[in-house]
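The values are calculated or read from the model by the stated rules, or taken from the named source; none is laboratory data. Model, not experiment: these values are computed from the prediction. Quick reminder, even Gly has a Cβ in these numbers, built from the backbone with ideal geometry, and neighbours come from all protein chains shown. Ligands, DNA and RNA are excluded from the accessible area calculation, which covers all protein heavy atoms including side chains. Shrake-Rupley method; radii C 1.70, N 1.55, O 1.52, S 1.80 Å.
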Amino acid sequence: MRMVLLGPPGAGKGTQANMLSDREQFEHLSTGDILRENVKEVTFIGKKAQSFMEKGELVPDGMVIEMMLEKINSGDKGRGFILDGFPRTLYQAKKLDIELDRLNLPIDLVIYFRTSIDTVIFRLTGRRLCKDCGANYHIVNMPPREKGLCDKCGGELYLRKDDNKETIEKRLEVYNTQTKELIDYYGAKGILKEVSGDLEADKVYEKLKDILKKE
Ligand code: AP5
């Protein structure tokens with residue numbers, strides 16, 4: 001199964017992709033995580049991407065496409081993969097289709113997480129991540145056992161630089177103007193399914209599993 005997770009920032013794409021990859025052994029390819037890793041390691045890509053990410057703007061298509069196609073090509077394609085945060089523009093989607101058609105591995109399913117703005121803002125301002133292992137928490141919805149510390153590795157939790165109100169608003173604007181049109185693009189291909197991103201994480205996961213069973 002080759003899947004794309006689509007939805008506004010904070011819809012829960014990363015959370016569900018982590019659950020699916022832990023429980024169903026899909027490979028999880030998150031553009032945001034890969035870019036943040038590059039920023040942390042101060043790579044060529046990281047240096048170029050950092051300012052776009054901190055402003056809540058998209059990193060230029062060419063750079064992201066090359067990076068993601070390389071990841072797809074070098075991964076184990078056997079069990080399938082989940083693309084989280086990619087594609088994010090029509091141009092990226094078309095380039096991805098061309099490459100996957102060449103490999104005879106087209107996208108089977110696109111999940112659109114329809115999510116309200118209030119949910120998105122509440123989730124992003126409350127999100128905390130582990131500095132060491134990247135585990136994802138929410139100060140109200142999914143708090144760690146000990147405040148400020150990761151349950152899995154004891155690492156320190158931090159707030160992402162782009163999870164402030166001003167940058168969240170910019171990211172939402174970018175989503176509405178550049179990414180939302182992918183709903184129609186994949187809808188026209190007949191591979192789009194919708195779930196409510198406003199539900200609790202376990203409920204969303206149940207819906208995803210129901211969809212996967214039918215596929
Ligand atoms: P990226 O990292 O992809 O950010 P995003 O799309 O804004 O998505 P988020 O990670 O913020 O949200 P999510 O939907 O994964 O939610 P999560 O599961 O974490 O991109 C960052 C930047 O990188 C972009 O702005 C851009 O600059 C660049 N970039 C990335 N991809 C690019 C591309 N293709 N092209 C160009 N540039 C690109 O959940 C959020 C919080 O809510 C967490 O705290 C979680 O614990 C909690 N939560 C999740 N689900 C639930 C639930 N159901 N109920 C209650 N709480 C929940």
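Accessible surface for the range 16-70, divided over its residues, is 52 Å² per residue with a 1.4 Å probe.
Only protein heavy atoms count here; under a 1.4 Å probe, Met63 has an accessible surface of about 40 Å².
Across the range 112-125, computed HN-Hα scalar couplings (Karplus, 6.51 cos²θ - 1.76 cosθ + 1.60, θ = phi - 60°) run 9, 8, 6, 9, 6, 4, 4, 4, 4, 5, 4, 5, 6, 6 Hz from first to last residue, x flagging Gly and Pro. At a probe radius of 1.4 angstrom, the accessible area of the range 170-210 per residue rounds to 57 square angstrom. Using R0 = 41 Å, the C-beta based FRET efficiency linking Glu200 and Arg102 works out to 0.55.
With each label modelled as a point 7 angstrom along the Cα→C-beta vector, the Glu146-Glu169 pair spans 3.9 nm.
Only helices enter the 222 nm calculation for the chain: every DSSP H run of n ≥ 4 contributes -39,500 (n - 2.57), and dividing by all residues gives -15000 deg cm²/dmol, rounded to 500.
Extension gain, Ser51-Glu24: 0.36 nm per intervening residue step, less the Cα-Cα distance, totals 6.2 nm.
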